[in-house]
Amino acid sequence: AAEKAALKDRIRRLLKEKEATLVAHYYVDADLQDLAEETGGCVSDSLEMARFGRDNPAKTLVVAGVRFMGETAKILSPEKTILMPDLDATCSLDLGCPADEFAAFCDQHPDRTVVVYANTSAAVKARADWMVTSSIGLDIVEHLHKQGKKILWAPDRHLGSYIQKKTGADMLLWQGSCLVHDEFKGVELDLLRAEYPDAKVLVHPESPANVVAQADVVGSTTQLIDAARTMDATTFIVATDNGILHKMRAAAPGKHFIDAPTAGNSATCKSCAHCPWMAMNGLQNLADVLEKGHNEIHVDPETGRQAKRAIDRMLDFAA
Ligand code: CIZ
Ligand code: SF4
């Protein structure tokens, strides 16, 4: 504990010294979330992280999250130095959608508007017409559908089919998935709900359809935290990365939160629902990158300019 406190002090001092701002995702370690908040940085979802990073005056941003979040920050602010605690922190959606295969898929369907999720590489975003996050994907697809557009969607198939069902849009789906959300189990969730009949079920739409179907609220991380705070219930079953529980408990003191079941036995698998790449962000490697200035994110400038058009479309739509 003393060691932890010393590391946190070191990080606070280094952030000041290097005039750096810490931007953290809801899924990273609670200590990092707290540090981001108390030092004037931000803790949020990927949409807000992107916007905050762009608008923050700091010359250096430290992004505690996964690689695509660092890349998005760099694309929006090429003049800033973007550092990450661990450059190997990736995402199964990003890994499952290689840029060359994706470009070939797009080339086969030139009549479709290409909409990609934030959880993709800069090169994939560069090939897209729009980038969306889970908080705004539904609205943007609805907007495109109303204009009569046919859509090519990548990479998350669960989020894609959820949006497809909600909007009725013509969507061709890339078959990617998030290794964390894909593990939530519908049958086991049904049994857990029977144990807690008054519980409300909060589900991120990267989860399988039979889990989404049992939700009281389907939404992005920020939307699920809002639901936990505002809904008139005391118990919630939460189907998203359990890093979010830190913020949910703070936003809704006195309420009770239960991890939705993964792999069959939630009692023996308390941390199944936690992203191994988000977990690579820690106090030690955060302190080290601040000290040494290594682990800088670079994006090819031309790829970045192309990708920025797709991101700016979303940000303009959201504004
Ligand atoms: O699953 C993720 O990585 C999410 C929810 C990212 C985000 O904040 O949109
Ligand atoms: Fe990717 Fe899933 Fe991890 Fe989010 S939780 S970064 S979608 S693997």
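The values are calculated or read from the model by the stated rules, or taken from the named source; none is laboratory data. It should be emphasised that the depicted structure is a prediction, and the values quoted were computed from it without experimental measurement. Every residue, glycine as well, gets a Cβ built from its backbone with ideal geometry; the counts of neighbours run over all protein chains shown.
Restricting attention to segment 222-242, the residues that are in contact with an Asp or Glu (Cβ under 9 Å, 6 or more places away or on another chain), within 13 Å of ligand 2 (Cβ to nearest atom) and modelled with pLDDT of 95 or more total 2. Within segment 168-221, which residues are polar (S, T, N, Q) and within 16 Å of ligand 2 (Cβ to nearest atom)? If the condition is that a residue be polar (S, T, N, Q) and within 16 Å of ligand 2 (Cβ to nearest atom), then 175, 177, 207, 220, 221 are the ones that fit. Of all the listed residues (40, 70), the sole one being of a type outside the set (Val, Ile, Thr) and on the phi > 0 side of the Ramachandran plot is 40. Against the conditions (1) under 30 Å from residue 21 (Cα atoms); (2) of a type in the set (D, E, K, R); (3) in contact with a helix residue (DSSP H, G or I) (Cβ under 9 Å, 6 or more places away or on another chain), residue 139 satisfies every one except (1).
In contact with a Leu (Cβ under 8 Å, 6 or more places away or on another chain), at pLDDT below 95 and surrounded by 20 or more Cβ atoms within 10 Å (Cβ to Cβ), is that true of residue 259? Break it down into steps so the answer makes sense when it comes.
Values: in contact with a Leu (Cβ under 8 Å, 6 or more places away or on another chain): yes; at pLDDT below 95: yes; surrounded by 20 or more Cβ atoms within 10 Å (Cβ to Cβ): yes.
Yes; evaluated as a whole, the condition is true for this residue.
Could you list all residues from segment 45-84 that are of a type in the set (Gly, Ala, Ser), more than 14 Å from ligand 2 (Cβ to nearest atom) and closer than 19 Å to residue 204 by Cβ? Correct list: 50 only.
Name the single residue, out of those in segment 184-223 being of a type in the set (D, E, K, R) and surrounded by fewer than 19 Cβ atoms within 10 Å (Cβ to Cβ), that is nearest to the chain's Cα centre (by Cα). Give the steps one after another, and end with the answer.
Kept after step one, since they are of a type in the set (D, E, K, R), are these residues of segment 184-223: 185, 188, 190, 193, 195, 198, 200, 206, 216.
Pick out the ones that are also surrounded by fewer than 19 Cβ atoms within 10 Å (Cβ to Cβ) and you get 188, 190, 193, 195, 198, 216.
Details: 188: 25, 190: 26, 193: 26, 195: 30, 198: 29, 216: 21 Å.
Of everything passing the filter in segment 184-223, 216 is nearest to the chain's Cα centre (by Cα).
Residue count for segment 301-317 satisfying the condition of being surrounded by fewer than 15 Cβ atoms within 10 Å (Cβ to Cβ) and over 12 Å from residue 76 (Cα atoms): 3.
Which ranges mark the helices (runs of 4 or more DSSP H) fully within segment 92-155 that have 2 or more residues being within 16 Å of ligand 2 (Cβ to nearest atom)?
Correct list: 92-95, 122-126.
Evaluated against (1) more than 14 Å from ligand 1 (Cβ to nearest atom); (2) in contact with a strand residue (DSSP E or B) (Cβ under 7 Å, 6 or more places away or on another chain); (3) not small (Gly, Ala, Ser), residue 292 falls short on exactly one condition, (2). Strands (runs of 3 or more DSSP E) fully within segment 1-87 that include at least 1 residues being more than 16 Å from ligand 1 (Cβ to nearest atom) and either free of Cβ contacts under 8 Å to residues at least 40 places away in the same chain or in contact with a Leu (Cβ under 7 Å, 6 or more places away or on another chain) (or both): 20-25, 60-64, 81-83.
Among the residues of segment 270-296, those that are in contact with a Leu (Cβ under 7 Å, 6 or more places away or on another chain) and under 20 Å from residue 72 (Cβ atoms) comprise 281, 286, 289, 295, 296.
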